[in-house]
Amino acid sequence: MLAALLAASLELSHGAETRTLIGRPDPDSGPTQVSVDIFFVDINSIDSAQQTFTADIAVVLRWKDTRLAHTGSGVVHYPLDQVWNPRVVIVNETNSVNRRLPESVYVDADGTMLYRQRYVGAFAQPLRLHSFPFDKQTFRVQLVAIRFSPDEVKFVPDQKWIDAGLKQAGGISASITLPDWTVENWNIKERTWALAPGLEDAGYAFEFTASRNVE
């Protein structure tokens, strides 16, 4: 009985390692291109004391892996940890952030992978308060492909969303509930991230600037 349990444990461990070590699709052709759409469904509050802002953010990632191409006109569903994926995280999310959608991907017949997630909660943001209460602040959501260098993963705005009229494949809802602040502008750009010198990972950032309302 013990031998059987040990064998089962080893098989499960091997399976988990195999999923973890899935290589990038077509690595000899350069970095894997990951198309991104980021949209702020809502910005609820900014807490100057806690150095955080609370938001509801939709993120859509798309990349291609022809190894998972299939016949038929429908899509195939996989748990995220069973296929190669860019391991994207938001590095400045706090413990309060909830993921509202399943951790899964949908694969079209040609191997195009689609991952959708909705992040709701507080995000850390160092603020410069020397001009309080007349301050203007820049807030950022920083996506990072953990342990993938810029030579391995390249983030780009999703052209499908741009063609649909969404500038830079991103945006902020016109009906956000943020009190006491006015959002003035926003921008999206590639922005690498380093945990420590020499450990640079591919990254992508959404930034918005807001000014505090003073009556």
Query raised in the report: Under the condition of being in a strand (DSSP E or B) and open to solvent by less than 50 Å² (accessible area, probe 1.4 Å), which residue from segment 105-114 is nearest to R212 (Cα to Cα)?
Result: L114
Report task. Run down P133, P102, P86 and say which single residue is at pLDDT 95 or above and surrounded by fewer than 16 Cβ atoms within 10 Å (Cβ to Cβ). Result -> P102
Report summary line: Checked V141, V156, V214 against criteria (under 16 Å from the mean Cα position of the chain (by Cα), more than 30 Å from D28 (Cβ to Cβ) and outside any helix (DSSP H, G or I)); the one match is V141
**Report entry** Looking only at segment 115-129, and only at residues there that are assigned to a loop (DSSP other than H, G, I, E, B) and more than 13 Å from R212 (Cβ to Cβ), the one that is most open to solvent (accessible area, probe 1.4 Å)
**Finding:** P126
Query raised in the report: If you check L178 against the conditions, is it assigned to a loop (DSSP other than H, G, I, E, B) and of a type in the set (A, V, I, L, M, F, W, C)?
Result: yes
**Report entry** Residues (more than 18 Å from E93 (Cα to Cα), open to solvent by 20 Å² or more (accessible area, probe 1.4 Å) and of a type outside the set (S, T, N, Q)) located in segment 191-215
**Finding:** A196, P197, G198, L199, E200, R212, V214, E215
Query raised in the report: If you go through segment 73-102 one residue at a time, how many are under 23 Å from D42 (Cα atoms), in a loop (DSSP other than H, G, I, E, B), of a type outside the set (G, A, S) and more than 12 Å from the chain's Cα centre (by Cα)?
Result: 6
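The values are calculated or read from the model by the stated rules, or taken from the named source; none is laboratory data. All figures in this text were calculated on a predicted structure; none of them were measured in a lab. Here the Cβ is made from the backbone with ideal geometry for all residues, glycine too, and neighbour counts use every protein chain on show. The area values use the complete protein model at the heavy-atom level, side chains included, leaving out ligands, DNA and RNA. Shrake-Rupley method; radii C 1.70, N 1.55, O 1.52, S 1.80 Å.
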